Amino acid sequence: MTNKELTHEQQEELIKTLKARFEKNNERHEGLDWTNVQAKLDANPEKLWSLHEMEATGGEPDVVGYDAKTDEYIFYDCSAESPKGRRSVCYDREAWEARKNHKPENTAMDMAKDMGIELLTEEQYRELQQLGKFDLKTSSWVQTPENIRKLGGAIFCDRRYDTIFMYHNGAESYYAARGFRGSLRV
(Lines give C-alpha, C1' and ligand atoms only; values in the text may rest on other atoms or scores of the structure.)
Protein backbone atom coordinates (compact mmCIF):
# COMPACT_ATOMS: atom_id res chain seq x y z
CA MET A 1 0.00 0.00 0.00
CA THR A 2 1.39 3.37 -0.97
CA ASN A 3 1.24 6.51 1.11
CA LYS A 4 -1.87 8.31 -0.11
CA GLU A 5 -0.98 11.69 1.33
CA LEU A 6 0.70 14.55 -0.46
CA THR A 7 3.21 16.89 1.10
CA HIS A 8 2.17 20.50 1.51
CA GLU A 9 4.42 21.41 -1.42
CA GLN A 10 2.87 18.72 -3.64
CA GLN A 11 -0.61 19.96 -2.73
CA GLU A 12 0.31 23.56 -3.56
CA GLU A 13 1.87 22.59 -6.88
CA LEU A 14 -1.12 20.46 -7.86
CA ILE A 15 -3.63 23.20 -6.94
CA LYS A 16 -1.59 25.67 -9.01
CA THR A 17 -1.64 23.29 -12.01
CA LEU A 18 -5.37 22.54 -11.67
CA LYS A 19 -6.23 26.24 -11.31
CA ALA A 20 -4.21 27.18 -14.41
CA ARG A 21 -5.89 24.42 -16.44
CA PHE A 22 -9.32 25.46 -15.12
CA GLU A 23 -8.74 29.08 -16.13
CA LYS A 24 -7.32 28.14 -19.55
CA ASN A 25 -10.28 25.86 -20.46
CA ASN A 26 -13.41 27.75 -19.36
CA GLU A 27 -15.48 26.09 -22.09
CA ARG A 28 -15.29 22.84 -20.11
CA HIS A 29 -17.02 24.29 -17.05
CA GLU A 30 -18.89 27.47 -17.94
CA GLY A 31 -20.53 29.14 -14.96
CA LEU A 32 -18.36 27.40 -12.36
CA ASP A 33 -16.07 29.36 -10.04
CA TRP A 34 -12.57 28.15 -9.13
CA THR A 35 -12.93 29.48 -5.56
CA ASN A 36 -15.71 26.96 -4.91
CA VAL A 37 -13.73 24.13 -6.53
CA GLN A 38 -10.67 24.92 -4.42
CA ALA A 39 -12.78 25.02 -1.24
CA LYS A 40 -13.97 21.47 -2.04
CA LEU A 41 -10.39 20.34 -2.71
CA ASP A 42 -9.17 21.90 0.54
CA ALA A 43 -11.93 20.06 2.43
CA ASN A 44 -11.11 16.71 0.76
CA PRO A 45 -7.32 16.18 0.78
CA GLU A 46 -7.72 12.46 -0.03
CA LYS A 47 -9.20 13.52 -3.39
CA LEU A 48 -6.10 15.61 -4.03
CA TRP A 49 -4.05 12.42 -3.91
CA SER A 50 -6.25 10.87 -6.62
CA LEU A 51 -6.00 14.01 -8.75
CA HIS A 52 -2.22 13.91 -8.27
CA GLU A 53 -2.19 10.33 -9.57
CA MET A 54 -4.32 11.36 -12.56
CA GLU A 55 -1.87 14.17 -13.28
CA ALA A 56 1.24 12.03 -12.74
CA THR A 57 0.06 9.47 -15.30
CA GLY A 58 -0.63 12.12 -17.94
CA GLY A 59 -4.38 12.56 -17.54
CA GLU A 60 -4.50 16.35 -17.21
CA PRO A 61 -7.62 16.28 -14.99
CA ASP A 62 -10.02 19.21 -15.23
CA VAL A 63 -13.47 20.11 -13.92
CA VAL A 64 -16.17 19.15 -16.44
CA GLY A 65 -19.27 19.67 -14.34
CA TYR A 66 -21.02 20.12 -11.03
CA ASP A 67 -23.65 17.80 -9.56
CA ALA A 68 -26.02 19.98 -7.52
CA LYS A 69 -27.78 16.95 -6.02
CA THR A 70 -24.59 15.65 -4.39
CA ASP A 71 -22.75 19.02 -4.19
CA GLU A 72 -19.75 17.54 -6.02
CA TYR A 73 -17.46 18.80 -8.76
CA ILE A 74 -16.71 16.28 -11.48
CA PHE A 75 -13.20 15.88 -12.88
CA TYR A 76 -12.34 13.92 -16.04
CA ASP A 77 -9.00 13.22 -17.65
CA CYS A 78 -8.80 15.85 -20.38
CA SER A 79 -5.46 15.00 -22.01
CA ALA A 80 -5.62 15.14 -25.81
CA GLU A 81 -4.78 11.42 -26.05
CA SER A 82 -5.41 8.55 -23.65
CA PRO A 83 -3.11 9.15 -20.64
CA LYS A 84 0.38 7.94 -21.52
CA GLY A 85 1.08 6.46 -18.09
CA ARG A 86 -2.03 4.25 -18.32
CA ARG A 87 -1.61 2.57 -21.70
CA SER A 88 -0.75 -1.02 -22.63
CA VAL A 89 -3.11 -2.46 -20.04
CA CYS A 90 -5.79 -5.10 -20.44
CA TYR A 91 -9.26 -4.43 -19.06
CA ASP A 92 -9.36 -6.17 -15.66
CA ARG A 93 -7.68 -8.72 -13.38
CA GLU A 94 -9.75 -11.64 -14.70
CA ALA A 95 -8.58 -10.85 -18.24
CA TRP A 96 -4.97 -10.46 -17.05
CA GLU A 97 -5.07 -13.85 -15.35
CA ALA A 98 -6.54 -15.46 -18.49
CA ARG A 99 -3.55 -14.44 -20.60
CA LYS A 100 -1.11 -17.28 -21.08
CA ASN A 101 1.80 -15.21 -22.45
CA HIS A 102 2.97 -11.60 -22.59
CA LYS A 103 0.92 -10.31 -19.69
CA PRO A 104 0.81 -6.52 -19.41
CA GLU A 105 2.13 -4.92 -16.25
CA ASN A 106 -1.33 -3.91 -15.03
CA THR A 107 -5.03 -3.63 -15.81
CA ALA A 108 -7.25 -0.60 -16.35
CA MET A 109 -9.64 -1.55 -13.55
CA ASP A 110 -6.86 -2.26 -11.04
CA MET A 111 -5.05 0.99 -11.83
CA ALA A 112 -8.25 3.03 -11.53
CA LYS A 113 -9.08 1.43 -8.18
CA ASP A 114 -5.54 2.04 -6.89
CA MET A 115 -5.81 5.68 -7.98
CA GLY A 116 -9.21 6.15 -6.33
CA ILE A 117 -10.95 6.96 -9.63
CA GLU A 118 -13.45 5.27 -11.94
CA LEU A 119 -13.19 4.51 -15.63
CA LEU A 120 -15.43 6.72 -17.72
CA THR A 121 -18.66 5.16 -18.89
CA GLU A 122 -19.52 5.29 -22.59
CA GLU A 123 -21.97 8.10 -21.80
CA GLN A 124 -19.31 10.08 -19.91
CA TYR A 125 -16.85 9.51 -22.76
CA ARG A 126 -19.37 10.97 -25.21
CA GLU A 127 -19.93 13.93 -22.84
CA LEU A 128 -16.18 14.54 -22.75
CA GLN A 129 -16.06 14.58 -26.54
CA GLN A 130 -18.56 17.47 -26.51
CA LEU A 131 -15.89 19.55 -24.73
CA GLY A 132 -13.14 19.01 -27.30
CA LYS A 133 -11.57 16.47 -29.60
CA PHE A 134 -9.93 13.65 -27.67
CA ASP A 135 -8.32 10.32 -28.62
CA LEU A 136 -7.66 11.17 -32.26
CA LYS A 137 -4.71 8.74 -32.29
CA THR A 138 -5.34 6.59 -29.21
CA SER A 139 -8.31 4.79 -27.66
CA SER A 140 -9.59 4.41 -24.12
CA TRP A 141 -11.18 1.50 -22.26
CA VAL A 142 -14.56 2.46 -20.78
CA GLN A 143 -16.71 0.72 -18.18
CA THR A 144 -18.05 -2.43 -19.75
CA PRO A 145 -21.60 -3.68 -19.08
CA GLU A 146 -21.61 -6.92 -17.08
CA ASN A 147 -23.34 -8.92 -19.82
CA ILE A 148 -20.54 -8.11 -22.28
CA ARG A 149 -17.83 -8.74 -19.71
CA LYS A 150 -19.30 -12.16 -18.78
CA LEU A 151 -18.85 -13.20 -22.40
CA GLY A 152 -15.16 -12.22 -22.34
CA GLY A 153 -15.44 -8.83 -24.00
CA ALA A 154 -14.73 -5.26 -23.04
CA ILE A 155 -15.46 -1.96 -24.76
CA PHE A 156 -13.34 1.02 -25.68
CA CYS A 157 -13.91 4.29 -27.47
CA ASP A 158 -12.04 6.76 -29.64
CA ARG A 159 -12.65 9.59 -32.08
CA ARG A 160 -11.96 9.16 -35.79
CA TYR A 161 -13.40 10.98 -38.82
CA ASP A 162 -14.96 13.52 -36.45
CA THR A 163 -17.12 10.72 -35.01
CA ILE A 164 -17.03 8.99 -31.62
CA PHE A 165 -16.80 5.23 -32.01
CA MET A 166 -17.42 2.49 -29.47
CA TYR A 167 -15.75 -0.85 -30.20
CA HIS A 168 -15.32 -4.22 -28.56
CA ASN A 169 -12.30 -6.39 -27.98
CA GLY A 170 -11.37 -9.33 -25.84
CA ALA A 171 -10.84 -7.97 -22.33
CA GLU A 172 -7.39 -9.60 -22.25
CA SER A 173 -6.14 -7.56 -25.22
CA TYR A 174 -3.85 -4.58 -24.78
CA TYR A 175 -2.20 -2.13 -27.13
CA ALA A 176 0.40 0.61 -26.85
CA ALA A 177 -2.17 3.16 -28.02
CA ARG A 178 -5.00 2.08 -25.68
CA GLY A 179 -5.30 3.27 -22.11
CA PHE A 180 -8.16 4.57 -20.03
CA ARG A 181 -9.64 7.84 -18.86
CA GLY A 182 -10.99 8.35 -15.37
CA SER A 183 -13.47 10.43 -13.44
CA LEU A 184 -13.39 11.70 -9.89
CA ARG A 185 -16.04 13.44 -7.82
CA VAL A 186 -14.96 15.97 -5.21
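The values are calculated or read from the model by the stated rules, or taken from the named source; none is laboratory data. Treat the numbers as computed from the prediction; the structure is a model and nothing was measured. Positions of Cβ are generated from backbone atoms using ideal geometry, with glycine treated the same way; all protein chains shown enter the neighbour counts. Areas reflect the complete protein model, heavy atoms only, side chains present, ligands, DNA and RNA absent. Shrake-Rupley method; radii C 1.70, N 1.55, O 1.52, S 1.80 Å.
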Low-density loop positions, trypsin sites (Lys or Arg not before Pro), segment 94-149 - DSSP coil, at most 12 other Cβ in 10 Å:
Lys100, Lys133, Lys137
Would you mind working out the accessible area per residue for the chain, using a 1.4 Å probe, and quoting it in Å²?
54 Å²
Would you mind calculating the gained length between Lys137 and Lys113 on full extension (0.36 nm times residue separation, minus the Cα-Cα distance), in nm to one decimal?
6.1 nm
In order through segment 135-141: 3J(HN,Hα) via Karplus (6.51 cos²θ - 1.76 cosθ + 1.60), integer Hz, x for Gly, Pro:
6, 7, 10, 10, 9, 9, 4
Once both label points are put 7 Å beyond Cα along the C-beta direction, the His168-Gln10 separation in nm becomes 4.1 nm
Calculate how many DSSP beta bridges within the chain are antiparallel, expressed in % of all such bridges and rounded to the nearest 5.
85 percent
In terms of the charge dipole of segment 35-114, which places +1 on Lys and Arg and -1 on Asp and Glu at the beta carbon, the residue among Leu48, Ala98, Met109 farthest towards the positive end is Ala98
Once neighbouring chains are kept in place and the probe is 1.4 Å, which whole percent of the accessible area of segment 128-185 is contributed by carbon and sulfur?
56 percent
Hey, in the GNM for the chain with a 10 angstrom Cα cutoff, which one of Gly59, Gly132, Gly170 fluctuates hardest?
Gly132
Simple SL model, points at 7 angstrom along Cα→Cβ for Ile148 and Asn101; separation in nm is 2.9 nm
Angle check, please: helix 34-43 long axis (alpha carbons) against the longest principal axis of the chain (alpha carbons), in degrees 0 to 90, nearest 10.
70 degrees
For Phe156, net neighbour charge (Lys/Arg +1, Asp/Glu -1) across residues whose Cβ lies under 11 Å away:
-1
For Glu72, residues with placed amide H under 5 Å, excluding near neighbours
Asp67
At most 12 other Cβ within 10 Å, DSSP loop - trypsin sites (Lys or Arg not before Pro), segment 1-93:
Lys69
Take the alpha-carbon centre of segment 5-19, take the same for segment 90-164, and report the distance between them in whole Å.
28 Å
Work out from phi, with θ = phi - 60° and the Karplus expression 6.51 cos²θ - 1.76 cosθ + 1.60, the ³J(HN,Hα) of each residue of segment 101-111, listed in order in whole Hz, and give x for Gly and Pro.
10, 6, 5, x, 5, 7, 10, 4, 5, 5, 4
Counting helices only, and only those DSSP H runs with n ≥ 4, report the 222 nm mean residue ellipticity of the chain as the sum of -39,500 (n - 2.57) divided by its residues, in deg cm²/dmol to the nearest 500.
-10000 deg cm²/dmol
Taking amide H positions as placed in the peptide plane 1.01 Å from N, state which residues far from Asn106 in sequence (5 or more) or on other chains have amide H under 5 Å from it.
Cys90
Ignoring any ligand, DNA or RNA, what whole percent of the accessible area of segment 24-87 comes from carbon and sulfur when the probe is 1.4 angstrom?
45 percent
Sticking to Cα atoms, compute the Rg of segment 73-186 to one decimal and its Dmax as the biggest Cα-Cα distance, whole number, in Å.
13.2, 41
